[in-house]
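Q: Encoded as structure tokens, here's the structure I'll be asking about.
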Amino acid sequence: MTQIIVVTSGKGGVGKTTSSAAIATGLALKGHRTVVIDFDIGLRNLDLIMGCERRVVYDFVNVINGEANLNQALIKDKRCDKLYILPASQTRDKNALTQEGVGKVLSLLAEQFEYIICDSPAGIENGAMMALYYADLAIVTTNPEVSSVRDSDRIVGMLQSKSRRAEQGLEPVKELLLLTRYAPERVSSGEMLSVVDVEEILAIPLLGVIPESQSVLKASNSGVPVILDQESDAGIAYSDSVARLLGEELPFRFITEEKKGFLKRIFGN
């Protein structure tokens, strides 16, 4: 049975698109037919991070409006044959998405894919509400700072009241926490909330902790999902998160400050 997963947050710049690309790629690498949809109508960044921006001909809104069929709009990933991308439009506004239109496209995708990843725009405007409405599972993405966590808490409220499952009295949307840009040394110095702090505020299960890493920016600029960089802490952390999503029990890495040896304390890194 197809599972619809929304990657969401209340605040922009927390790594939703990076996480959507990484999680979708990780699921496909595990052998699951996966599609990732960009709901950020008017901006469109997913295709850049996936490295397929020059291959976009038709988009999500074209399919909703009947201007192209689904197969014309889907882009097959270059690196993984079980992964596809449905890009957003850069020339329309967010009101181009309708509940009926989104539902129709998701029904068509469910005939072909095991996992549908919805990359949500930030906030609670139309695109974000459309992205979360049909979700079976939500990956609530946040940075370890008060404003980001507070805004994510509002999104949890929306999932519990504005989703299709909530409206129809079905089993609630399953919520999981993905904590990004985590730096244990900054937690120790009091500059950042700890994992425990964020878990206490949001009160949802922890899926993964992604460490702050230059490899994320490097991968994005190269059009390569960071999960493919298994030399980086961030890539490893995303792989762990995908494994947990699929039911594996793994310890959490990169959440404690690395103890510096004698030479590192004297000479640095």
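Q: Taking the options V6, V35, name whichever one is open to solvent by less than 10 Å² (accessible area, probe 1.4 Å) and under 12 Å from the mean Cα position of the chain (by Cα).
A: Going through V6, V35 in turn, just one is open to solvent by less than 10 Å² (accessible area, probe 1.4 Å) and under 12 Å from the mean Cα position of the chain (by Cα): V6.
Q: Follow-up. Kindly list the number of the only condition in (1) within 30 Å of E100 (Cα to Cα); (2) surrounded by 12 or more Cβ atoms within 10 Å (Cβ to Cβ) that fails for Y182.
A: Condition (1) is where Y182 drops out.
Q: Restricting to region 65-87, count the residues that are among the hydrophobic types (A, V, I, L, M, F, W, C) and farther than 16 Å from R33 by Cα.
A: The number of residues fulfilling the criteria is 2.
Q: Between a first residue in region 224-245 that is without any contact (Cβ under 8 Å) to a residue 40 or more places away in the chain and a second residue that is among the hydroxyl-bearing types (S, T, Y) and assigned to a helix (DSSP H, G or I), which pairs have beta carbons less than 6 Å apart while being 6 or more apart in sequence or on different chains?
A: D229/S215; S232/S215; A234/S215
Q: Select, from G190, G247, the only residue that is open to solvent by 40 Å² or more (accessible area, probe 1.4 Å), under 19 Å from S148 (Cβ atoms) and in a loop (DSSP other than H, G, I, E, B).
A: G190
Q: Among the candidates E199, E175, single out the residue that is of a type outside the set (S, T, Y), at pLDDT 95 or above, closer than 26 Å to G26 by Cβ and over 17 Å from the mean Cα position of the chain (by Cα).
A: E199
Q: Shifting gears a bit: Does at least one position in region 221-243 carry a residue that is more than 18 Å from the chain's Cα centre (by Cα), among the aliphatic types (A, V, I, L, M) and open to solvent by 50 Å² or more (accessible area, probe 1.4 Å)?
A: Looking for residues that are more than 18 Å from the chain's Cα centre (by Cα), among the aliphatic types (A, V, I, L, M) and open to solvent by 50 Å² or more (accessible area, probe 1.4 Å), one finds none in region 221-243, hence no.
Q: Considering only residues of region 38-68 that are outside any loop (DSSP other than H, G, I, E, B) and of a type in the set (D, E, K, R), which is most open to solvent (accessible area, probe 1.4 Å)?
A: Looking at the filtered set, the residue picked out is R54.
Q: Got at least one residue in region 98-107 being more than 29 Å from R181 (Cα to Cα), among the β-branched types (V, I, T) and at pLDDT below 95?
A: For region 98-107, residues more than 29 Å from R181 (Cα to Cα), among the β-branched types (V, I, T) and at pLDDT below 95: present.
Q: Separate question: Residue check, T25 against (1) more than 30 Å from A183 (Cα to Cα); (2) touching a Leu at 6+ places or on another chain (Cβ under 9 Å); (3) open to solvent by less than 20 Å² (accessible area, probe 1.4 Å), all met but one. Which one?
A: (1)
The values are calculated or read from the model by the stated rules, or taken from the named source; none is laboratory data. What you see is a predicted model, and the numbers here were worked out from it, not measured in a lab. We place every Cβ from the backbone using ideal geometry, glycine too, and count neighbours over all the protein chains shown. To get the accessible areas, we keep the full protein, side chains included, count just its heavy atoms, and leave off ligands, DNA and RNA. Shrake-Rupley method; radii C 1.70, N 1.55, O 1.52, S 1.80 Å.
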